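The block underneath contains the structure these notes are about, expressed in structure tokens.
The values are calculated or read from the model by the stated rules, or taken from the named source; none is laboratory data. None of these values were measured; they are calculated from a predicted model. In this analysis, Cβ positions are derived from the backbone assuming ideal geometry, glycine residues included, and neighbour counts consider all displayed protein chains. Each accessible area value is taken on the protein alone, full model and side chains, heavy atoms only, with ligands, DNA and RNA left out. Shrake-Rupley method; radii C 1.70, N 1.55, O 1.52, S 1.80 Å.
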Amino acid sequence: MSRSILVTGGAGYIGSHTVLQLLLGGYKVVVVDKLDNSSEIAIKRVQELAGEHGSNLTFHEIDLRDKPAVEKLFVSEKFEAVIHVAGLKAVGESVQKPLLYYDNNLIGMIVLLEVMAAHGCKKLVFSSSATVYGWPKVVPCTEESPISATNPYGRTKSDSTWKIILLRYFNPVGAHPSGHIGEDPRGIPNNLIPFIQQVAVGRRPALTVYGTDYKTTDGTGVRDYIHVVDLADGHIAALKKLADPSVGCEVYNLGSGKGTSVLEMVAAFEKASGKKIPLVMADRRPGDAEIVYAETEKAERELNWKAKYGIQEFCRDQWNWATKNPYGYEPQAP
Ligand code: UD1
């Protein structure tokens, strides 16, 4: 029984947690990552956390756009399925450097799909994002909600020999409860929780709250935060679903189904950490939506998956990771 799964971007935040859950579930895992925005230390820690399963993990530093390298990998090993998590994801940067994003994310995926097809590996779990829902007119967002960004692949794919699951992540937060793997953004964090974490450990003076005049209970933006371990388990559920003969191309929301405001998040983090988070109230951030949260019924019904953890758990685990690794995978301040 080989059940070998290729995980692209497996050294990153979502990838590393997913790889760990796969190993613990008895899968053999091959990770490719170009370590642009991630660290090989994450791979080593995943290996340690997986205990006796750690030896089922192999790592290759490969850029997916390097077709000969990807080709070589598929020649050396037969994969049951691919979980494609690799990608650049900073929205602001993508607006400044669109070509970098198209080149990296689209060319990388095209190469991957070409090589997969050539080797008869046609099962794919692809990480998409709730970003595609834009500013939703109606919440919760269902998988049928109108999208304001498109996934060219999911749209155009009509070859029924492929089995593809697109996972629309809401806002992944938290860290593995061990505190040994977690999110380690390079530079100034764009996202709320990594920013709060850096304020709590003293790396930044205050959190800027973007927008206090939204039509929400306290005026701040509402999002659906989901524990990264729950999200990782969602990938395993998706892999299992790929064995179902009825699956062609399916989309699932991975969220908790609950909305939490910025101020509620700050309060929960202050409680978990015992630290005061100084706030600077500011204007809305361009491009931000007011309220986004998921309808989770489809994933519950068809993937048999549901988020287990809530706000207390992800603040606790985020803080545990932060205290053990105040500078992420770097041993000290850069
Ligand atoms: C962002 C990305 C989305 C990505 C997701 C990953 C945008 C437009 N979207 O979503 O593509 O999938 O992260 O989790 O960037 N906030 C502050 N101060 C901060 C940072 C954030 O008040 O310093 C607020 C935001 O206004 C928002 C909430 O916190 O209301 C969450 O923001 P963030 O973590 O950046 O996530 P999203 O904007 O939902």
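Tabulate in residue order the Karplus-calculated ³J(HN,Hα) for the stretch 82-93, using 6.51 cos²θ - 1.76 cosθ + 1.60 with θ = phi - 60°, rounded to whole Hz; enter x for Gly and Pro.
Once θ is set to phi - 60°, the couplings for the stretch 82-93 become 10, 10, 9, 10, 4, x, 7, 9, 7, 4, x, 4 Hz.
To test your reading of the geometry: what angle, between 0 and 90 degrees and rounded to tens, separates the Cα axis of helix 67-76 from the longest principal axis of the chain?
60 degrees
DSSP beta bridges in the stretch 166-283, what fraction antiparallel, as a percent rounded to 5? Please report the intermediate quantities before stating the final value.
Details: 2 of 13 bridges.
Looking only at bridges with both residues in the stretch 166-283, the antiparallel portion is about 15 percent.
At most 10 other Cβ atoms within 10 Å plus a DSSP loop assignment makes a site exposed; report the longest stretch of the chain without any exposed trypsin sites (Lys or Arg not before Pro). Provide the component values of the computation, followed by the final result.
Values: sites that count: K137, K215, K276.
So the longest stretch without any such site is 1-136.
Let's test the formula: R0 of 35 Å, r as the Cβ-Cβ distance of T323 and V138. What FRET efficiency results, to the nearest 0.05? Display every interim value, and only then the final one.
Details: r = 40 Å, r/R0 = 1.14.
In this case the efficiency is close to 0.30.
If I take all pairs of Cα atoms in the stretch 22-142, what percentage of them are more than 24 Å from each other? Before the final figure, lay out each step's value.
Numbers: 2782 of 7260 pairs.
So the portion of pairs separated by more than 24 Å is 38 percent.
Compute the angle between helix 228-241 and the longest alpha-carbon principal axis of the chain, please, reported from 0 to 90 degrees and rounded to the nearest 10.
So the helix axis and the longest Cα principal axis differ by about 30 degrees.
Pick from H17, H227, H60 the residue whose mean-square fluctuation is largest in a GNM of the chain, springs joining Cα atoms under 10 Å.
The residue that fluctuates most here is H60.
Please compute the modelled spin-label separation between R186 and H60, points set 7 Å along Cα→Cβ, answer in nm with one decimal.
Calculated label separation equals 2.2 nm.
So what does W162 come to for accessible area, using a 1.4 Å probe and Å² rounded to 10?
10 Å²
Take the Cα atoms of the stretch 78-196, find their three principal axes, and give me the spread along each one in whole Å, biggest first.
Each principal axis gives a Cα extent; for the stretch 78-196 these are 45, 39, 32 Å.
Short version: ³J(HN,Hα) in whole Hz for each residue of the stretch 46-59, in order, from phi by Karplus 6.51 cos²θ - 1.76 cosθ + 1.60 (θ = phi - 60°), x for Gly and Pro, what are they?
In residue order, the calculated couplings are 4, 4, 5, 5, 7, x, 4, 7, x, 6, 7, 10, 10, 10 Hz.
Kindly give Rg over Rh for the stretch 235-334, based on alpha-carbon atoms, with the Kirkwood expression for the hydrodynamic radius. Don't jump to the answer; show the numbers that get you there.
Numbers: Rg = 18.2 Å, Rh = 16.9 Å.
Here the Rg-to-Rh quotient is 1.07.
How long are the three semi-axes of the equivalent ellipsoid for the chain, computed from the Cα gyration tensor as the root of 5 times each eigenvalue, in whole Å, largest first? Numbers along the way, then the final one.
Numbers: eigenvalues 194, 108, 70 Å².
Equivalent-ellipsoid dimensions as semi-axes: 31, 23, 19 Å.
Evaluate the Kirkwood expression for the hydrodynamic radius of the stretch 1-79, namely the inverse of the mean inverse distance over all pairs of different C-alpha atoms, and round to one decimal in Å. Intermediate values should be presented prior to the final figure.
Numbers: mean 1/r = 0.0806 Å⁻¹.
Result for the stretch 1-79, one decimal place: 12.4 Å.
Taking amide H positions as placed 1.01 Å from N in the peptide plane, with prolines and chain starts having none, which residues 5 or more places from C249, or on another chain, fall under 5 Å of its amide H?
Amide H neighbours of C249, under 5 Å, 5+ apart: I164.
What's the carbon and sulfur percent of the stretch 51-191's accessible surface, probe 1.4 angstrom, rounded to a whole number? Walk me through the intermediate numbers first.
On the way: 4130 of 7290 Å².
Carbon plus sulfur share of accessible area: 57 percent.
Going down the table (K72/K163; K122/K298; K241/K271), which pairs top 32 Å between alpha carbons? It would help to have the intermediate numbers written out before the result.
Working: K72/K163 23 Å; K122/K298 23 Å; K241/K271 38 Å.
Long pairs (Cα-Cα over 32 Å): K241/K271.
Run the quick spin-label model on T161 and R3: label points 7 Å from Cα toward the beta carbon, then report their separation in nm to one decimal.
Here the modelled spin labels are 2.6 nm apart.
What spacing in nm lies between the two simple spin-label points modelled at A243 and Q332, each 7 Å away from Cα in the Cβ direction?
5.0 nm
Using modelled amide H (1.01 Å from N, peptide plane; none on Pro or chain starts), what sits under 5 Å from the amide H of T208, excluding residues fewer than 5 places away?
Under 5 Å from the amide H of T208: V280.
Determine the gain in length on full extension of the stretch V95-D283; use 0.36 nm per residue of separation and subtract their C-alpha separation, reporting nm with one decimal. Before the final figure, lay out the partial values.
Working: separation 188, 0.36 × 188 = 67.68 nm, distance 1.98 nm.
Taking V95 through D283 to full extension adds about 65.7 nm, to one decimal.
What are the lysines whose alpha-carbon lies under 27 Å from the alpha-carbon of K276, with same-chain residues fewer than 8 places away excluded?
K215, K258, K324
To test your reading of the geometry: what angle, between 0 and 90 degrees and rounded to tens, separates the Cα axis of helix 311-324 from the longest principal axis of the chain?
Helix 311-324 and the main axis of the chain meet at about 80 degrees.
Using the Karplus equation 6.51 cos²θ - 1.76 cosθ + 1.60 (θ = phi - 60°), what ³J(HN,Hα) coupling, rounded to whole Hz, does each residue of the stretch 211-220 give in order, writing x for Gly and Pro?
For the stretch 211-220, the Karplus-derived couplings read x, 10, 10, 6, 7, 10, 4, 10, x, 9 Hz, x marking Gly and Pro.
At 222 nm, what value in deg cm²/dmol follows for the chain if DSSP H runs of at least 4 each add -39500 (n - 2.57) and the sum is divided by all its residues, to the nearest 500? Don't jump to the answer; show the numbers that get you there.
Values: 11 runs with 107 residues, N = 334.
Result for the chain: -9500 deg cm²/dmol, rounded to the nearest 500.
Excluding ligands and nucleic acids, what accessible area in Å² is computed for D66 using a 1.4 Å probe, to the nearest 10?
My reading of the accessible area for D66 is about 70 Å².
Express in % the proportion of alpha carbon pairs of the stretch 187-236 at distances exceeding 13 Å.
Across the stretch 187-236, Cα pairs with separations above 13 Å total 68 percent.
Rounded to the nearest 5, what % of DSSP beta bridges with both residues in the chain are antiparallel? Walk me through the intermediate numbers first.
Numbers: 2 of 41 bridges.
Antiparallel bridges: around 5 percent, rounded to the nearest 5.
Give the Debye-formula value of log10 I(q)/I(0) at each listed q (0.15, 0.29, 0.32 Å⁻¹), with one equal scatterer per alpha carbon of the stretch 272-318, two decimals each.
At q = 0.15, 0.29, 0.32 Å⁻¹ the computed log10 ratios are -0.76, -1.03, -1.08.
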